[in-house]
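The values are calculated or read from the model by the stated rules, or taken from the named source; none is laboratory data. Please read all numbers here as calculations on a predicted model, not as lab measurements. Methodologically, a virtual Cβ is constructed for each residue, glycine included, from the backbone with ideal geometry; neighbour enumeration extends over all protein chains shown.
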Amino acid sequence: MESSYFVATRRAEEEQVRLKDAVDDQAIYLATLRALVPKHLYDWIAITETTRAAIVSSHQVNMQANHVLFAEHLRQVFSAYTQVGTVFGGIDLTTMPDGMTTSGRSPNADEALGYFRHFNKCTLPFSFKQTHEAWWNMTNLNQWLQDGDGYANLADPNDTVILRLHLVRTLPTGITVSIKQRYILRRFVEETRAVFMWKTYSEGEGPFTGFFVEETGWAHLQPSTDGSTIVGVCVDQAPMQLNASKLRTTDSEQFYSLMQSLLKENAEVFTHILSKKLMEETLFD
């Protein structure tokens with residue numbers, strides 16, 4: 001049986017081949033969004049008209065190449081959705097205390113990389129319907145796109161978000177680094193639960209070239225008996241490397257540390273803004 005390290009390496013190599021094959025016939029490499037959000041992923045105040053125009057522009061370039069990649073990634077999102085029962089099956093969200101936890105799995109002897117899991121549970125004093133609709137409103141980046149733009153023929157834009165992002169961050173050392181991302185989110189709404197399922201594929205640039213992270217996220221929302229909404233979020237980050245023997249350990253540590261920090265930062269910001277949005281809706285309803 002293949003070790004998980006070699007499986008991860010093979011997946012990273014296959015991902016790279018798909019990317020190269022998809023852009024062979026394109027005159028310009030996949031255009032990405034420069035500093036989509038300068039500080040926080042969900043700080044909507046920072047999204048200006050110029051940024052919105054850039055989002056539209058980024059989707060008008062190399063659409064054919066992106067379709068090849070995103071069609072495969074969307075299939076993986078639906079596949080991961082079938083695992084939601086396993087992810088939350090052994091957890092009683094109704095009795096679990098609110099809070100954020102993280103855990104990591106150290107690599108085995110035949111592995112070069114470990115794995116990182118983030119879990120966040122909170123109870124919001126708002127109705128299930130109001131909460132899952134507000135959640136979608138905040139994650140639905142399609143609202144910044146022109147009608148007909150994007151990947152509507154791949155999936156229903158009323159339930160799916162597909163984007164390319166380009167994040168730029170400055171490390172504590174003062175070095176500015178960038179990360180290319182392909183992001184897919186799909187919502188599944190049922191009578192007594194809503195699941196927001198996403199995949200993010202992050203590829204380092206510059207000093208981080210050769211480092212990848214595949215992120216899989218499940219947000220599980222369910223109504224409580226007292227009229228509030230119980231939210232459980234589980235996110236797995238699986239690091240991958242190409243040409244590991246040629247990559248520096250310090251760069252690897254910085255890249256994966258940055259990805260974990262971004263995950264925690266975005267979770268905190270999203271929860272804060274979601275609560276604020278729900279409160280404002282309630283006050284002005």
Residue that is nearest to MET240 (Cα to Cα), among those in segment 218-228 that are in a strand (DSSP E or B) and not hydrophobic (A, V, I, L, M, F, W, C): HIS220
Hits in segment 135-166 - residues which are modelled with pLDDT of 90 or more, touching a strand residue (DSSP E or B) at 6+ places or on another chain (Cβ under 7 Å) and over 16 Å from LYS199 (Cα atoms): TRP135
Top-ranked residue in segment 78-133 [being among the β-branched types (Val, Ile, Thr), in contact with a Phe, Trp or Tyr (Cβ under 9 Å, 6 or more places away or on another chain) and surrounded by 12 or more Cβ atoms within 10 Å (Cβ to Cβ); ranked as modelled with the lowest pLDDT]: THR102
Boolean, PHE188 is aromatic (Phe, Trp, Tyr), in a strand (DSSP E or B) and surrounded by fewer than 17 Cβ atoms within 10 Å (Cβ to Cβ): yes
Residues of segment 170-200 satisfying the condition of being modelled with pLDDT of 90 or more and of a type in the set (D, E, K, R): LYS180, ARG186, ARG187, GLU190, GLU191, ARG193, LYS199
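This table checks each residue for (1) assigned to a strand (DSSP E or B); (2) without any contact (Cβ under 8 Å) to a residue 12 or more places away in the chain; (3) of a type in the set (Ser, Thr, Tyr); (4) in contact with a strand residue (DSSP E or B) (Cβ under 8 Å, 6 or more places away or on another chain).
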position: TYR201; (1), (2), (3), (4): yes, no, yes, yes
position: PRO207; (1), (2), (3), (4): no, no, no, yes
position: THR216; (1), (2), (3), (4): yes, no, yes, yes
position: VAL231; (1), (2), (3), (4): yes, no, no, yes
position: ALA238; (1), (2), (3), (4): yes, no, no, yes
position: TYR256; (1), (2), (3), (4): no, no, yes, yes
position: LEU262; (1), (2), (3), (4): no, no, no, yes
